[in-house]
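First comes the structure, then the notes that go with it.
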DNA sequence: GGCTTGTTGTTCAAATCTGAACTAACGCTA
DNA sequence: TAGCGTTAGTTCAGATTTGAACAACAAGCC
């Protein structure tokens with residue numbers, strides 16, 4: 001190894017700040033989504049991914065990968081969303097094991113309803129606190145981190 | 001407002017990357033802690049905060065604030081840690097409502113056992129992927145974010 | 001003292017999450 | 001087409017989390 005394990009003060013500061021900011025941001029986001037639309041963050045992420053997808057639908061396993069959630073957790077979340085009429089399950093013709101999760105019109109409406117507030121939270125508590133340079137650095141660095149943890 | 005709500009491509013990229021990296025890093029950390037010492041991440045954070053504190057103990061409400069967790073959640077976590085002998089609850093003389101959560105020797109051992117692996121995970125998947133400059137930016141930026149969300 | 005307001009920590013039921021089965025179907029190979 | 005290893009999604013039991021309600025105490029005020 002090229003470094004000793006222990007983190008020096010700079011590294012520690014960055015790590016602590018990252019942890020704290022993540023926690024706080026997550027809490028704030030949960031609060032807004034619940035308040036504005038009765039959604040949890042994972043539910044919101046499911047709706048977003050579906051809205052972005054071709055035909056507003058994804059197969060369960062692809063959706064699980066997209067939102068980085070276990071299969072069983074996704075099953076539960078989609079069941080909840082289906083109960084509320086925001087998502088619909090559909091059979092997949094080409095693979096009879098597979099299931100489409102499809103965004104309904106009500107799901108789209110629910111998403112649009114919370115989105116402005118969500119964007120505002122992200123903007124006011126992260127984006128607008130960063131200079132363009134910092135934003136660039138952050139985007140690059142975390143892309144690298146995500147890549148490493150995916151490979 | 002100074003900006004329209006929608007995120008431009010740079011902003012979106014940074015946000016998406018941050019979300020993905022957070023998720024993946026969190027999963028990785030959970031995995032290591034569970035594997036090396038049967039701890040969850042919140043449990044680990046509780047132990048760390050206690051270990052850092054004067055007399056290796058904190059009152060429940062202070063501990064909850066430190067780890068940014070709800071009171072009831074902390075009650076549960078500390079109960080689990082106490083069952084495993086890693087933490088001990090003690091009465092507080094100066095305030096009979098209050099409860100000290102105190103790290104036991106076994107708790108310290110458990111912490112030291114998982115810490116090297118934990119540090120390695122943080123290092124290999126975050127710290128060592130960043131240049132010193134990036135690290136500095138990250139520390140500053142997230143300190144700002146945390147400050148804003150705390151105030 | 002007696003009153004009021006705020007704090008501390010726990011409890012409880014309901015909601016959510018985890019991970020290990022499990023069923024069904026796929027795709028390949030012989 | 002029968003067999004075999006893999007994949008998709010669900011189910012289930014147990015663990016954890018949430019949030020509101022509660023009991024006990026503190027702190028100040030009259």
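Could you tell me which of the residues A:74, A:33, A:86, A:58 is within 14 Å of DNA strand C (Cβ to nearest atom) and under 13 Å from residue A:102 (Cα atoms)?
On the way: A:74 fails: under 13 Å from residue A:102 (Cα atoms); A:33 fails: under 13 Å from residue A:102 (Cα atoms); A:58 fails: within 14 Å of DNA strand C (Cβ to nearest atom).
Being within 14 Å of DNA strand C (Cβ to nearest atom) and under 13 Å from residue A:102 (Cα atoms) holds for just one of A:74, A:33, A:86, A:58, which is A:86.
Is there a residue in segment B:61-76 that is over 25 Å from residue A:17 (Cβ atoms) and touching a strand residue (DSSP E or B) at 6+ places or on another chain (Cβ under 9 Å)? Even if it seems obvious, please write down each step before you answer.
First pass over segment B:61-76, keeping only residues over 25 Å from residue A:17 (Cβ atoms): B:72, B:75-76.
If we keep only those that are touching a strand residue (DSSP E or B) at 6+ places or on another chain (Cβ under 9 Å) as well, we get none.
Checking segment B:61-76: not a single residue is over 25 Å from residue A:17 (Cβ atoms) and touching a strand residue (DSSP E or B) at 6+ places or on another chain (Cβ under 9 Å).
Please go through segment A:118-135 and give me each residue that is over 30 Å from residue A:38 (Cβ atoms) and more than 7 Å from every other protein chain (Cβ to nearest Cβ), ordered by number.
Step one: of segment A:118-135, the residues over 30 Å from residue A:38 (Cβ atoms) are A:130-135.
Once the filter is applied, which keeps residues that are over 30 Å from residue A:38 (Cβ atoms) and more than 7 Å from every other protein chain (Cβ to nearest Cβ), segment A:118-135 yields A:131, A:132, A:133.
Residue check, residue B:150 against (1) surrounded by 16 or more Cβ atoms within 10 Å (Cβ to Cβ); (2) in contact with a helix residue (DSSP H, G or I) (Cβ under 7 Å, 6 or more places away or on another chain); (3) farther than 20 Å from residue B:41 by Cβ, all met but one. Which one?
(1)
Do we find that residue B:82 is modelled with pLDDT of 95 or more and farther than 25 Å from residue B:58 by Cβ in this structure? Don't jump to the end; show me each part of the working.
On the way: modelled with pLDDT of 95 or more: yes; farther than 25 Å from residue B:58 by Cβ: no.
No, not satisfied.
The values are calculated or read from the model by the stated rules, or taken from the named source; none is laboratory data. This one's a predicted model, so the numbers in the text were calculated from it and none came from an experiment. When we count neighbours, we look across all protein chains shown, and the Cβ atoms used for this are built from the backbone with ideal geometry, even at glycine.
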